[in-house]
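For reference, the structure is listed below as structure tokens.
The values are calculated or read from the model by the stated rules, or taken from the named source; none is laboratory data. For clarity, every value in this text was computed on a predicted model and none was experimentally measured. Here the Cβ positions follow ideal geometry from the backbone for every residue, glycine too, while neighbour counts run over all protein chains shown. Accessible surface areas use protein heavy atoms only, side chains included; no ligands, DNA or RNA. Shrake-Rupley method; radii C 1.70, N 1.55, O 1.52, S 1.80 Å.
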Amino acid sequence: MDIETVLVAGATGNVGSEVVRALDGVEVRALSRRGARVGDAVPVIGDLGDRAGVRELWSGVGAVFLPAGHPDVPGLLADMRDAGVRRVVLLSTGAVVGGDLDNVVTRFNVVSEAAVRDSGLEWAVLRPSGFMSNALGWAPLDDVVREPFADVPVAVIDPADIGAVAARALTDPGLAGRSLRLTGPEVTLPAERLAVLAELLGRDVRLEPEPDDDARERMTAAMPAPYVDAFFRFFRGGEYDDGHVTTTVPDLLGRPARSFRQWAEVHLGAF
Ligand SMILES: NC(=O)c1ccc[n+]([C@@H]2O[C@H](COP(=O)([O-])OP(=O)(O)OC[C@H]3O[C@@H](n4cnc5c(N)ncnc54)[C@H](OP(=O)(O)O)[C@@H]3O)[C@@H](O)[C@H]2O)c1
């Protein structure tokens, strides 16, 4: 291992917390705006939207885990390089593959990826499928779950697998310069994932597909319109095929990618 200290941005999140958990044998700094404790990592408070405010956080850090999409990613990366950071691992999305730059979600990820490649740092890019943890949106579980895009199959991935690959890429120069398309082990529909949860909980739960008009109205109340459009373009306009499995996770980790059932067993308490 050629890195002694890793800073994990977004460390309290579904993915970031798993990156922290998977790192072993290095000092870990856990960055979030609230600065909460994650395992044994040193909590660090900072807002990645404030380049000057986080500039001092990069010193003494060898590698950084960075989620895509902050306002000045090239500036953040320049500051990291100036402070002596050697390596960055970017959390992007599978949606960039063949994606359209008019789509706001595709665009912020593509822009972040380009900045990382141009940064002069060693880099690796992670392009995961939809997360198994999106199912946490169903908690606490009602008897009927309304779900948008219920007919769209996705090879959902356990954030723990993203964390394990990220930990490898952060501490192993062997993955430098690679863009890794990461998925779970199988393609499933939301109703199939819900059925697994229901079985584990011993509950009778039914999925009701949410009509597109209702989904658009609900999502528009919760997020800016270009983001709502982005999801409709992905899953209704055919801009994102997230319904195929890659072998990247087992190839890199030497074990199968984790199933939705395994994820659900760990997170059952949340439902
Ligand atoms: N959900 C999916 O299916 C999917 C698929 C592919 C890619 N992605 C991408 O993966 C990313 C991470 O997902 P997740 O589920 O792990 O997210 P999450 O659980 O919402 O966690 C986000 C983390 O980032 C921190 N954070 C947010 N804004 C910040 C800022 N300005 N400065 C510093 N820290 C900040 C949050 O903590 P504080 O709030 O305390 O700052 C939290 O630790 C998403 O943003 C998305 O772009 C998601």
- Evaluation of MET80 against (1) open to solvent by 40 Å² or more (accessible area, probe 1.4 Å); (2) out of contact with any Gly (no Cβ under 8 Å at 6 or more places or on another chain) (one fails), failing number: (1)
- Query: Hey, any hits in the range 256-270 for a residue that's surrounded by 17 or more Cβ atoms within 10 Å (Cβ to Cβ) and of a type in the set (Asp, Glu)?
  - Reply: no
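Every residue, every condition in (1) surrounded by fewer than 15 Cβ atoms within 10 Å (Cβ to Cβ); (2) touching a residue at least 60 places away in the same chain (Cβ under 8 Å), yes or no:
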{"residue": "ASP161", "(1), (2)": "no, yes"}
{"residue": "GLY174", "(1), (2)": "yes, no"}
{"residue": "ALA198", "(1), (2)": "no, no"}
{"residue": "PRO211", "(1), (2)": "yes, no"}
{"residue": "GLU217", "(1), (2)": "yes, no"}
{"residue": "MET223", "(1), (2)": "yes, no"}
{"residue": "PRO226", "(1), (2)": "yes, yes"}
{"residue": "ALA230", "(1), (2)": "no, yes"}
- Query: Identify, please: which residue in the range 25-41 is of a type in the set (A, V, I, L, M, F, W, C) and assigned to a strand (DSSP E or B) and is, among those, surrounded by the fewest Cβ atoms within 10 Å (Cβ to Cβ)?
  - Reply: VAL28
- Task: Output the number of the condition that LEU180 fails; it satisfies all remaining conditions of (1) away from the ligand (no atom under 16 Å from the Cβ); (2) surrounded by 21 or more Cβ atoms within 10 Å (Cβ to Cβ).
- Result: (1)
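Can you confirm whether ARG21 is in a loop (DSSP other than H, G, I, E, B) and either within 15 Å of the ligand (Cβ to nearest atom) or out of contact with any strand residue (DSSP E or B) (no Cβ under 9 Å at 6 or more places or on another chain) (or both)?
Numbers: in a loop (DSSP other than H, G, I, E, B): no; either within 15 Å of the ligand (Cβ to nearest atom) or out of contact with any strand residue (DSSP E or B) (no Cβ under 9 Å at 6 or more places or on another chain) (or both): yes.
In short, no.
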- Task: Quick one: in the range 239-255, of everything that is part of a helix (DSSP H, G or I) and not polar (S, T, N, Q), which residue is least open to solvent (accessible area, probe 1.4 Å)?
- Result: VAL249
